[in-house]
Amino acid sequence: MLDFRRFEIITFDCYGTLVNWEDGILRCLHQILAAHRKQTDDAQILQLYGDFEARAEQGTYRCYRDVLQSVVRQFAEHFKFVPTEREERSLPESMASWKPWPDTVNALQELQRRFRLAIISNVDDDLFASTRPQLEVKFNQVITAQQAQAYKPSLKIFNLALSRIGAPADRILHVGQSVYHDVIPAQSLGIATVWVNRPSLRAGAGAVKAVEGRPDLEVSSLAELALAAAHR
């Protein structure tokens, strides 16, 4: 078990970890597919989303809004239809309606009593701004892909976080729902990690690329993390 007493700050991935992005992704993409009379199951949508998003984030940096529009175009190519401009925009525009998991706010408020909190997220600043009020806590730092001009699992965004946070790696705990985006790169820099293995229609991976990794702690919810931290 982790010794939580050694940590000064907890950094969080946002979408998937704090926010139920699978619900938002599925609602939006099912609507687009239905408009073109295409059908598939939720698990396949999540698998394709993870693959398409990772592909769109490779190479020269482009903003997350453009990444999500590329995801829609890749779905259209895969299912052989032509999306409208409005459909391409609908996925990033839907982010403002994505809701935190039911346990997120209470857990963050509990953890904030003992630790500084920060965000490390693959997102644009303006897109996170629509989510931030729903989380109901003050973050000491918010580090985004837009600021780093790179997407996790790139170490560039984690190195930016280290420089901004001002604490040594061994005093930071990083919490994420994605082994691929969060656990593996953070651990490579000597940062302890928690994998929040949220319930998913695609168990063990959700809407991200499936990889093998060994977090320092695995929990099924943020509430479980807050409880573990309170007992250390």
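The values are calculated or read from the model by the stated rules, or taken from the named source; none is laboratory data. Just so you know, these numbers come straight off a predicted model, no measurement behind them. A quick note on method: Cβ atoms are made from the backbone with ideal geometry, for glycine too, and the neighbour counts reach across all protein chains shown. Surface accessibility is based on the protein's heavy atoms, side chains included, excluding ligands, DNA and RNA. Shrake-Rupley method; radii C 1.70, N 1.55, O 1.52, S 1.80 Å.
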Qualifying residues in segment 162-194 (those that are at pLDDT 95 or above and hydroxyl-bearing (Ser, Thr, Tyr)) - the one least open to solvent (accessible area, probe 1.4 Å): Thr193
Tally, over segment 111-138, of residues that are more than 16 Å from the chain's Cα centre (by Cα) and part of a loop (DSSP other than H, G, I, E, B): 6
Among the candidates Asn159, Asn197, Asn140, residue that is at pLDDT below 95 and not hydrophobic (A, V, I, L, M, F, W, C): Asn197
Failed criterion for Phe81 (all others in (1) within 18 Å of the chain's Cα centre (by Cα); (2) at pLDDT 95 or above; (3) open to solvent by less than 40 Å² (accessible area, probe 1.4 Å) hold): (1)
Test for Ile119: is it farther than 26 Å from Thr60 by Cβ and either open to solvent by 40 Å² or more (accessible area, probe 1.4 Å) or in contact (Cβ under 8 Å) with a residue 60 or more places away in the chain (or both): no
Residue check for Leu108: more than 26 Å from Gly166 (Cα to Cα), touching a residue at least 24 places away in the same chain (Cβ under 8 Å) and part of a helix (DSSP H, G or I): no
Ala43 vs. criteria outside any loop (DSSP other than H, G, I, E, B), touching a residue at least 40 places away in the same chain (Cβ under 8 Å), open to solvent by less than 40 Å² (accessible area, probe 1.4 Å) and touching a Leu at 6+ places or on another chain (Cβ under 8 Å): yes
Verdict on Arg55 being modelled with pLDDT of 95 or more, out of contact with any Asp or Glu (no Cβ under 8 Å at 6 or more places or on another chain) and open to solvent by 30 Å² or more (accessible area, probe 1.4 Å): no
Selection count where residues are part of a helix (DSSP H, G or I) and without any contact (Cβ under 8 Å) to a residue 60 or more places away in the chain, scope segment 149-179: 11
Filter pass, Val208 being among the aliphatic types (A, V, I, L, M), modelled with pLDDT of 95 or more and in contact with a helix residue (DSSP H, G or I) (Cβ under 8 Å, 6 or more places away or on another chain): no
